[in-house]
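**Q** Questions regarding the structure given below will be posed in turn.
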Amino acid sequence: MQRAETWSDPIAHLTRQAPDAPVLYFSPDRLQATARAFQTGFPGLVTYAVKANPGEEVLANLVAAGIRAFDVASPEEMGAVRALCPDAVLHYHNPVRSPDEVAVAARMGVRAFSVDCVRELDKLTGRVAPGSEMSVRLALQVRGAAYDFGEKFGLGPEGTAALLQEVAARGFAPSLTFHPGTQCADPAAWGAYIGVAAEVAHKAGVRLRRLNVGGGFASHRTGQAPDLTPIFTQIGAEVARHFGTRPPALVCEPGRAMVAEAFTLGLRVKAMRASGAVFLNDGVYGSLTEVRDIGAPDRLRVIAPDGTERRGAPMPRVVFGPTCDSIDRLPDPLPLPGDMAEGDHVLIAGMGAYTRCLATGFNGYGLRDLVTVSRL
């Protein structure tokens, strides 16, 4: 649940309330500032990938910041957006759908889809409005991301060109989409995709209505969150270079990079062992699921019950979650202060993406509260 009260910062809440369950601290100001930065910096339409964090408070604050288009992957996400913004534009860019899901999208007036095979195009033909935008998903082997989305979705250049021709032949508006991969911080990845996209469109003999450059924009992995300006600049320059005077309209769909920095996770040290191992009040079945999969951030602080920060020399500590399952542990030790103690709190910054939507309630543990703060 979200508390109505707004606290000044996470430490003020920790020292006054001493929560024994995990807490997510949310800064609406940080989220809205990020949304405005995307809209100012990106040379096209900014949509939000709802999968990263479908929380009502997230969607409401993005709408307040001017976001009116959303990338949705399911009917449930469509409903969540429309409940808060009835006139929102929905892009249904999950390339795999059932006929029933297509019917829901049609009833909701969705006019933008993505496909990566003729079979999926068949499901949409005759069921969605004529002239709907159909973005064929291109997949390349590029470096610079934490993991590659092309292993699951997308076609190579030859297949993309052929499917673009089929899209146009069926009366849909041909567009193209790609995703450079999760946590991508290298502008060259977008440059490589845009160059191939232009070649594919030329080979197919179609003019693209839009080019969707995906999500994948990095939030922090280590240190501070990266400056996305060089990526935005590269995208604009590459589109101008490869498409000339008749470029397609641009659209992006950030998820993690939009919402991650607006949340900090607060955990508590339940127990410690002589080996140095630490037991926290949440683990890989809960809010640390993605930390297990792509690595633990180094932006964490250990706070004593009186609010002071532990500054002992860091030592590698095995981190266990609270459940009765022995695999409830992070795969790699974390560098944590040598003077940390039971009852301390661990604050992990940049945890707004996937933290809540991937969490389970296994063994009765998991996130309980969302606390609004003025600053993180």
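The values are calculated or read from the model by the stated rules, or taken from the named source; none is laboratory data. The model shown is predicted, which means the values in this text are computed figures rather than measured ones. Cβ coordinates were reconstructed from backbone atoms using ideal geometry, including for glycine residues, and neighbour counts include every protein chain displayed.
**Q** Return the residues of the stretch 22-40 that are more than 17 Å from LEU376 (Cβ to Cβ) and surrounded by 16 or more Cβ atoms within 10 Å (Cβ to Cβ); say none if nothing qualifies.
**A** PHE38
**Q** Can you pull out the residues in the stretch 337-365 that are more than 13 Å from ALA304 (Cα to Cα), touching a residue at least 40 places away in the same chain (Cβ under 8 Å) and not in a loop (DSSP other than H, G, I, E, B)?
**A** Correct list: ILE348, ALA349, PHE362, ASN363.
**Q** Evaluate the stretch 309-319: report whether one residue or more is surrounded by fewer than 19 Cβ atoms within 10 Å (Cβ to Cβ), touching a strand residue (DSSP E or B) at 6+ places or on another chain (Cβ under 8 Å), of a type in the set (Val, Ile, Thr) and not assigned by TED's automatic domain parsing to the domain that holds LYS51.
**A** yes
**Q** Taking PRO174, is it in a loop (DSSP other than H, G, I, E, B), in contact with a helix residue (DSSP H, G or I) (Cβ under 9 Å, 6 or more places away or on another chain) and either among the basic types (Lys, Arg) or within 21 Å of ASP71 (Cα to Cα) (or both)?
**A** No.
**Q** Could you tell me whether the stretch 2-10 includes any residue that is touching a helix residue (DSSP H, G or I) at 6+ places or on another chain (Cβ under 8 Å), under 16 Å from ASP369 (Cβ atoms), modelled with pLDDT under 95 and not small (Gly, Ala, Ser)?
**A** yes
**Q** So is GLU253 out of contact with any helix residue (DSSP H, G or I) (no Cβ under 9 Å at 6 or more places or on another chain), modelled with pLDDT of 95 or more, surrounded by 19 or more Cβ atoms within 10 Å (Cβ to Cβ) and assigned by TED's automatic domain parsing to the domain that holds VAL115 or not? Before you say what the answer is, go through the steps one by one.
**A** On the way: out of contact with any helix residue (DSSP H, G or I) (no Cβ under 9 Å at 6 or more places or on another chain): yes; modelled with pLDDT of 95 or more: yes; surrounded by 19 or more Cβ atoms within 10 Å (Cβ to Cβ): yes; assigned by TED's automatic domain parsing to the domain that holds VAL115: yes.
It is true that GLU253 is out of contact with any helix residue (DSSP H, G or I) (no Cβ under 9 Å at 6 or more places or on another chain), modelled with pLDDT of 95 or more, surrounded by 19 or more Cβ atoms within 10 Å (Cβ to Cβ) and assigned by TED's automatic domain parsing to the domain that holds VAL115.
**Q** For GLY181, only one of the following conditions fails: (1) of a type outside the set (Val, Ile, Thr); (2) touching a helix residue (DSSP H, G or I) at 6+ places or on another chain (Cβ under 7 Å); (3) within 18 Å of ALA73 (Cβ to Cβ); (4) modelled with pLDDT of 85 or more. What is its number?
**A** With (1) of a type outside the set (Val, Ile, Thr); (2) touching a helix residue (DSSP H, G or I) at 6+ places or on another chain (Cβ under 7 Å); (3) within 18 Å of ALA73 (Cβ to Cβ); (4) modelled with pLDDT of 85 or more applied to GLY181, the lone miss is (4).
**Q** Looking only at the stretch 184-214, count every residue that is touching a helix residue (DSSP H, G or I) at 6+ places or on another chain (Cβ under 7 Å), crowded, with 22+ Cβ neighbours inside 10 Å and not in a helix (DSSP H, G or I) and tell me the total.
**A** So the count comes out to 3.
**Q** For the structure I just gave you, tell me whether LEU31 is in contact with a strand residue (DSSP E or B) (Cβ under 7 Å, 6 or more places away or on another chain), outside any loop (DSSP other than H, G, I, E, B) and farther than 30 Å from PHE279 by Cβ.
**A** For LEU31, the condition - in contact with a strand residue (DSSP E or B) (Cβ under 7 Å, 6 or more places away or on another chain), outside any loop (DSSP other than H, G, I, E, B) and farther than 30 Å from PHE279 by Cβ - is not met.
**Q** Any chance you could count how many residues in the stretch 262-307 are surrounded by fewer than 16 Cβ atoms within 10 Å (Cβ to Cβ), farther than 17 Å from TYR25 by Cβ and either small (Gly, Ala, Ser) or not assigned by TED's automatic domain parsing to the domain that holds PRO322 (or both)?
**A** Of the residues in that region, 6 qualify.
**Q** Looking at the stretch 366-375 only, could you name the residues that are part of a loop (DSSP other than H, G, I, E, B) and of a type in the set (S, T, N, Q)?
**A** Passing the criteria: only SER374.
**Q** Next up: Any chance you could count how many residues in the stretch 327-376 are acidic (Asp, Glu) and buried (at least 16 other Cβ atoms within 10 Å of the Cβ)? Working first, answer last.
**A** Here is the first cut: in the stretch 327-376, the residues acidic (Asp, Glu) are 328, 332, 339, 342, 344, 369.
The next check asks that each one be buried (at least 16 other Cβ atoms within 10 Å of the Cβ); those that pass are 328, 344, 369.
Qualifying residue count, the stretch 327-376: 3.
**Q** So, of the residues in the stretch 49-92 that are touching a Gly at 6+ places or on another chain (Cβ under 7 Å) and not in a loop (DSSP other than H, G, I, E, B), which turns out to be surrounded by the most Cβ atoms within 10 Å (Cβ to Cβ)?
**A** ALA49
One line per residue, one yes/no per condition, for (1) modelled with pLDDT of 95 or more; (2) surrounded by 16 or more Cβ atoms within 10 Å (Cβ to Cβ); (3) closer than 30 Å to SER219 by Cβ; (4) not assigned by TED's automatic domain parsing to the domain that holds GLY79:
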| residue | (1), (2), (3), (4) |
| --- | --- |
| VAL110 | yes, yes, yes, no |
| VAL115 | yes, yes, yes, no |
| ARG119 | yes, no, no, no |
| ASP122 | yes, no, no, no |
| VAL128 | yes, yes, no, no |
| GLU133 | yes, yes, yes, no |
| GLY150 | no, yes, yes, no |
| PHE153 | no, yes, yes, no |
| ALA161 | yes, yes, no, no |
